[in-house]
1. Go through THR30, THR3 for me and flag whichever is modelled with pLDDT under 95, open to solvent by less than 80 Å² (accessible area, probe 1.4 Å) and among the β-branched types (Val, Ile, Thr).
2. Answer with yes or no whether THR97 is in contact with a Pro (Cβ under 9 Å, 6 or more places away or on another chain) and surrounded by 19 or more Cβ atoms within 10 Å (Cβ to Cβ).
3. When you scan the stretch 109-203 for helices (runs of 4 or more DSSP H) that lie fully inside it, which ones turn up with 2 or more residues that are surrounded by fewer than 19 Cβ atoms within 10 Å (Cβ to Cβ) and under 14 Å from the mean Cα position of the chain (by Cα)?
4. Checking GLN38 against (1) over 15 Å from ALA167 (Cβ atoms); (2) open to solvent by less than 60 Å² (accessible area, probe 1.4 Å), which single condition isn't satisfied?
5. From the set of residues in the stretch 56-83 that are in a helix (DSSP H, G or I) and open to solvent by less than 40 Å² (accessible area, probe 1.4 Å), which is farthest from GLY147 (Cα to Cα)?
6. Could you please tell me which pairs satisfy a Cβ distance under 8 Å, a separation of 6+ or placement on different chains, a first residue in the stretch 156-178 that is in contact (Cβ under 8 Å) with a residue 12 or more places away in the chain and within 18 Å of ILE69 (Cα to Cα), and a second residue that is open to solvent by 30 Å² or more (accessible area, probe 1.4 Å) and assigned to a loop (DSSP other than H, G, I, E, B)?
7. Might you check whether a residue that is surrounded by 11 or more Cβ atoms within 10 Å (Cβ to Cβ) and among the basic types (Lys, Arg) occurs anywhere in the stretch 211-222?
8. Would the stretch 86-106 turn up any residue that is aromatic (Phe, Trp, Tyr) and farther than 27 Å from LEU207 by Cβ?
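The values are calculated or read from the model by the stated rules, or taken from the named source; none is laboratory data. Just so it is clear, the model here is predicted, and its values are computed rather than measured. Every residue, glycine as well, gets a Cβ built from its backbone with ideal geometry; the counts of neighbours run over all protein chains shown. These accessible areas exclude ligands, DNA and RNA; they are computed on the full protein's heavy atoms, side chains included. Shrake-Rupley method; radii C 1.70, N 1.55, O 1.52, S 1.80 Å.
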Amino acid sequence: MTTEPQDVDDSELDRSLDSPGARYGERFRTNMSAEALQARVIEAETRSLARTFEELSRTGEVAHAAALILGARRRYVTGRGKTAAYAELLSADLATTLSNVFLVDGRALSPLTVLTDVRASDVLVAFTMRRYREETVRFGRLFHEAGGQLILITDSDHAPLTDVASAVIRVHTHSASYADSPTAVAAVCHLLSTLTTASAKGARRRLANRDRFAADLGLHHPEPGKEWDA
């Protein structure tokens, strides 16, 4: 797909605004109505998501990453700062149908613990967006050096760790807001977990067991007019 000149200009300007403070001053105007701002945000989110999906459909990187996750013995997911939310989202979805999925959050499970026992059959999915967190970059590089495979979900072809990753999933995060857009990142989490689950052995059995135990534990509030099976 040919990139329009305006897209190039927008991308260059967007990459130059490397902090929320800089983006706030550039994108928010005191005389802008809520309706106009809403329209700009919706347009920017739609464009970023469409560009992300178009590029990923062409490169096949999500399917490649799903194959790496399926072939791994242990699956680790990590992210720091804002990307910790994406890591938690992906690990929660993967854990519903796969065994040995671990969220490396620096609390319940630390990078140090993981690095002391990395195997070639292990994979690490790392989220890193500008401004790239040093903890994630160091962890990802050390994980690779220890023999594990790295899947990188990032916002630039030139981001740290792209040179050592076995798969690089690039998302567009251009936004009309002071914050970089989370829309394409969340969508990629959904796409990656869906492709992985579709080929996971025993996924149906694990999901059925989860439903049964969730009911036994009383985890979910019953919907109006519906009672959960015991």
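1. Details: THR30 fails: open to solvent by less than 80 Å² (accessible area, probe 1.4 Å).
From the options THR30, THR3, the qualifying one is THR3.
2. In short, no.
3. 183-198
4. (2)
5. First, pick out the residues of the stretch 56-83 that are in a helix (DSSP H, G or I): 56-59, 61-71, 83.
Retained after the next criterion (residues that are open to solvent by less than 40 Å² (accessible area, probe 1.4 Å)): 56, 62, 65-66, 68-69, 83.
Details: LEU56: 27, VAL62: 22, ALA65: 17, ALA66: 19, LEU68: 14, ILE69: 15, THR83: 24 Å.
That would be LEU56.
6. From residues that are in contact (Cβ under 8 Å) with a residue 12 or more places away in the chain and within 18 Å of ILE69 (Cα to Cα), the pairs are VAL168/ASP157; VAL168/THR162; ARG170/ASP157.
7. Within the stretch 211-222 (the criterion being surrounded by 11 or more Cβ atoms within 10 Å (Cβ to Cβ) and among the basic types (Lys, Arg)), the answer is yes, since at least one residue qualifies.
8. Going through the stretch 86-106, the residues aromatic (Phe, Trp, Tyr) turn out to be 86, 102.
Still in the list and also farther than 27 Å from LEU207 by Cβ: none.
No, the conditions are met nowhere in the stretch 86-106.
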